1. Which of the peptides 47-54, 96-103 is most tightly packed, and how do the rest follow, going by the mean number of other Cβ atoms within 10 Å of each residue?
2. Test of understanding: what is the full-extension gain from I4 to F115, defined as 0.36 nm times their sequence separation minus their Cα-Cα distance?
3. What is the sum of charges, Lys and Arg at +1 and Asp and Glu at -1, for the other residues whose Cβ falls under 15 Å from the Cβ of M80?
4. Let's test the formula: R0 of 41 Å, r as the Cβ-Cβ distance of E129 and I12. What FRET efficiency results, to the nearest 0.05?
Amino acid sequence: MKRIWVILILMIALFLTACNSKNKKITVKDGTYVLEQTDTGNTLLPYVNISDNNITFTYDCLSSYLPHGTYTIEDDILTMRTDDKQYTYVFQIDGDKLIFQKNNSSEVNLIDTRFGISLTDNAIFKLKENKN
């Protein structure tokens, strides 16, 4: 009888451990995520800056509008909503990378393509390492 209880307790513990590993909450680190681009010249790279629950998405250096707002995370999807509720930008979280989901986001058109990098679907933004 004692052996049955031990086996039952071990099975319950194993089940709870398996359930917890599947429900691991995905988060993002605070910091600046910069577009991975090999040939940039003197162009300012688009970036995402996250601090606490605030987020800024800079993709056009000529624009007077700075997309700033808050974000939510569901599964591995980060959804940014600007404070004025006009724009939504979606990124897939992959470790220290944010992968831009252009088809699910508001438009990201440049004012002048000579002064920026046009973002494509699945563009990768990598967390910039702080060098102290």
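1. Top to bottom by mean Cβ count within 10 Å: 96-103, 47-54.
2. Once the chain is fully extended between I4 and F115, it gains 32.8 nm.
3. In short, -4.
4. Efficiency, from the Cβ-Cβ distance: 0.45.
Values in this text are rule-based calculations from the coordinates and carry no lab data. Being a predicted model, the structure only gives us computed values, none of them experimental. For neighbour counting, all protein chains shown are included, and Cβ atoms are generated from backbone atoms with ideal geometry for every residue, glycine included.
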